[in-house]
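The values are calculated or read from the model by the stated rules, or taken from the named source; none is laboratory data. Quick caveat: nothing in here was measured; it's all calculated off a predicted structure. Here the Cβ positions follow ideal geometry from the backbone for every residue, glycine too, while neighbour counts run over all protein chains shown. With ligands, DNA and RNA removed, areas are computed over all heavy atoms of the protein, side chains included. Shrake-Rupley method; radii C 1.70, N 1.55, O 1.52, S 1.80 Å.
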Amino acid sequence: MASTRKMSSSVEDDDLQEEFEHFDDFTLASSWERFISEIEAVCRQWLADGTKNLLRKGAISLNIAEGLYKVKTDLKYAMKSYCMEYYFGTHNDVGRGNRNDWSCELHNLQLSFGVNEFLVIAPQSASGVVLDGPEASKLLSAVAIALSNCSGFWPAFVPVHDPSRKAYIGIQNMGTLFTRRFEADRIGSQVPVKLMHLEGLYELFVSKFAFSNMDLSMHLFQVNLKMKMTYRTLPYSEDDDVQESEGGFTESGESPKSYHQSRTQWDDNCPWSEWYSAEDPLRGNCVAEEINNWFELLTVWSERAIESSLEMAELENVSPFEAEKWLISPCLFEILSDGSGGKRIGFASQLLLLIDALHMSLDAKFVEDFISVENPGPENLKSTAVIPPPTVLDRVLKDLFHEVGALQLDFAEGDHENSRTIKGAPLESLFGQFCLHSLWFGDCNIRAIAAFWIEFVREVRWCWEESQPLPRMQASGVVDLSTCLINQKLHMLSICIDKKRQLNQECPKAGENNFSLSAHVKGDSQIQSDISSEDGDTEASFFECDSFVHSDAVKLGDPIPKHSACIRRGSAGIVGSMMLLKSYQNMHAPFTQDPPLMTEDMHEERLQAVEALEIANKHCTTLQVDLLDDWLCDGIWKRSLKGSLDMSAFKAANPDAVFEDFIRWHSPRDWENDDNMEKVESNTNAVVESTNDWPPRGKLSERMSEHGNSWRKIWNEAPPLPASEQKPLLDPNQEGEKVLHYLETLRPYELLGQMVSTAFKAAADTLNRTSFGGLKQLTTRIGQLYLTMAATLRCLQKNSLSVGTEDIEDLKRLCAIFGHVESLITLAASLHQKFLQAPRLSESIFSDYYNFYLPKMGTVSIGGDEKKDFDKKQEVRRQEREVVASMFTPPTVNQSWRKVLSMGNLLNGHEPTLREIIFSKRDHLSENYYASHAPRGYQQELETYRMYICGTSNDLSVALAVASCD
């Protein structure tokens, strides 16, 4: 019985399921209803996903507003295709009344209607708008029904009319009581005069809710008003100034430094202005009818109550200084382009050309090959690589060699602390200026550089042959081995020229004044003379002493005090209380010749010789070792004669001295005291001895007392001869000719390698002298640039031809980094000039832009990335408003394109370029006709009318939102 009941129940269920399967849903019978159902399904899915899931599914980020995204779907209805887009933000209060409408960038519909999330449905056509009125209403109705079915409260919009009008209609379901309707349109030309003024705009808004037959100007209607005025500094025009030459080149291709410029540029006081004129990143230009301006100034009036047209007329005459808030935003368009210079002309763009020239020089043997008629140079040399005319070359050489004023030869002054990490010539040196001129000589091609270098060397030889001082180079001092080799050679040549002039001059005194003499006061920079002992165990060199001459020391030319019966010559004074070992006399410090000048290659030659001697001791015959040792001593030590001449000078100043006395004075560490048997430290001052302890007790060190010591042999052979009668250590004629031979036979890749290093260093030192205020971020970035350059340019310091393709690519990447920093310095200098009296604004604007562009500074090219303009706004404080207002100088005749100003609120004669107003009217539901439909106790305030007005005297857009009870 039970089984029978189960069978009958199963049959009934099958019949019921079959009945439902054949049920016809007549709500989806038409295509219109199916279209609504599709919209509803999509909206339900978006509602269910929520913001986080939509972002995971690939929502598109929009650059027009912060935190705004969209998703879209395609729909079809009546043989037409539509696209429905859902816009949503991560900030839930965007566009709401509780958020300032001017504080951030918003989507046009968010700002026009005060909404946050919204839908837009539009046909997939060329225009993207609905041109047919009934079709637009039908689309809007379909979306409204679908949203109502799924309990969605998003406003929906449909673009209508012509695309240039930016017109929309829209609707929003606000629950069971109210519905908001939206409408927006635009007048693109011939704006009525009445709507150009605030009074007419106020009456336009009031007319939407007041009776039409009322005189609106005679009645009071309280509404709320928020307003924002946008002022833009006028664009720069060529009519206002002499047209600038493109970049920094003159028509003939010469260096701009040698070209006289009579125009006044914004960067005339900047250190790079002698090489090129940079485009002001904050000055607008008229390009392709698109105006890029210096600054946008936003003056914001917070919400206030307005009751009559008269108040609006008075508000139109109020100065912008009365606004509650000022916001300033610089219009910075592509000032950092692609980092390698791009269309911008500057040091970075020219350094890139110099690197191309370096690449071409790798296969050449002689510099003359690039300008020779018989040997035109590498096959890949472009035919466009021309050499500027001789007149240009003459002007550049004149600037280098003849138009040199009183230069500060302290090259390290004002340079960055990391500058010395780069092995290049100082900025103000002769070779440093040559490299900077080469960047702008012609188009910095290899042929122009070769011609320039050949003439440069000829001019250097002329200075040598005529004994003329070498400009921009010191004629004294020690050769700085931290600079490039060419700069070292030029420094040595300058010293040789000075010595040569002294020798050629008729000197009435044939004594000490003919040579450069100095007391034996040795510092850390003095080169330590050394030779290897025969067994190679110890280095037979003197330990330098820092003994100082007594305060009563006799200077050169003063009468020499006689403390000995013998003739004392060349004494510079008594050395503390030190006494001679064999006679009860004070020890005298002699005048000695300066150490021999040596460049980097001379030091390397000496070290190689010492290494060769060590190898020879192990592998060569005795005769070969003796010959090599004689060559080493004669060529390195005896050639300089420094040690022997010092001994001769010491004997002349101390006639009764013995070898041990010389060691005590010259190398205190080689004299051991008998009391403690400890060596005297080299950093101590002169050995203090008491006359009561004479003779001094002690002995020579082991290395100095060993049998056959070469120093004792030199002492025994050295005659007593003061420095004034000795042969000079430096032969200026011989060393000068060696320098010129080096310059005239320099290989192209060696020349270009040193030029690249020096050009980077000199360009960075030039930019580092820019005045840009206390921008710590930029200061840090410049310091990092020096370290990056030092690491990248190290490949050019090798003596062999080892620069490869990877090194060239690294150098090009370095140009990109240099271009970024150069552009930042240009921006910082421009900001510093304009906000000299408001440094906080300058620092804040730069900091915002620096943080905006920081992720892109490590890339060579950002052309493929989606670009976003810098739109960060900075609030202007009350005390800074005068500084900002001074940037809006009264417009000139050429800049005033409007004969009659149509709008009020002028700022130094500038009317607003854009005026935005939000009118609103709020009602309590218990106080108006909505109250009869509202639930009891419902006291919420509702914004019943809202009008957004945006435009100028030639363009006006109006958006209206009205809430009603359906």
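Here are the numbers:
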read-out	value
The stretch 769-801, residues that are farther than 17 Å from Leu351 by Cα and among the polar types (S, T, N, Q)	Thr770, Ser771, Gln777, Thr779, Thr780, Gln784, Gln797, Asn799, Ser800
Any hit, the stretch 50-69, residues being at pLDDT below 95, open to solvent by less than 60 Å² (accessible area, probe 1.4 Å) and of a type in the set (D, E, K, R)	no
Every residue from the stretch 598-608 that is surrounded by 15 or more Cβ atoms within 10 Å (Cβ to Cβ) and at pLDDT below 80	Arg606
Single residue of the stretch 835-879 satisfying the filter (at pLDDT below 90 and either in contact with a Cys (Cβ under 6 Å, 6 or more places away or on another chain) or β-branched (Val, Ile, Thr) (or both)) that is least open to solvent (accessible area, probe 1.4 Å)	Ile862
Members of the stretch 478-487 that are assigned to a loop (DSSP other than H, G, I, E, B), open to solvent by 30 Å² or more (accessible area, probe 1.4 Å) and in contact (Cβ under 8 Å) with a residue 12 or more places away in the chain	Val478, Leu481, Ser482
Top-ranked residue of the stretch 428-447 - restricted to ones that are open to solvent by 10 Å² or more (accessible area, probe 1.4 Å) and not in a helix (DSSP H, G or I), ranked as farthest from Phe347 (Cα to Cα)	Glu428
Elements of type helices (runs of 4 or more DSSP H) in the stretch 707-824, at least 1 residues being more than 26 Å from Ile454 (Cα to Cα), open to solvent by 30 Å² or more (accessible area, probe 1.4 Å) and not acidic (Asp, Glu)	710-717, 748-768, 776-792
Every residue from the stretch 884-906 that is surrounded by fewer than 18 Cβ atoms within 10 Å (Cβ to Cβ), of a type in the set (A, V, I, L, M, F, W, C) and modelled with pLDDT of 80 or more	Met887, Leu906
Members of the stretch 460-488 found to be more than 21 Å from Lys761 (Cβ to Cβ) and among the small types (Gly, Ala, Ser), listed by number	Ser467, Ala475, Ser476
When residues of the stretch 330-354 are limited to those that are open to solvent by 10 Å² or more (accessible area, probe 1.4 Å) and of a type in the set (Gly, Ala, Ser), the one modelled with the lowest pLDDT	Ser340
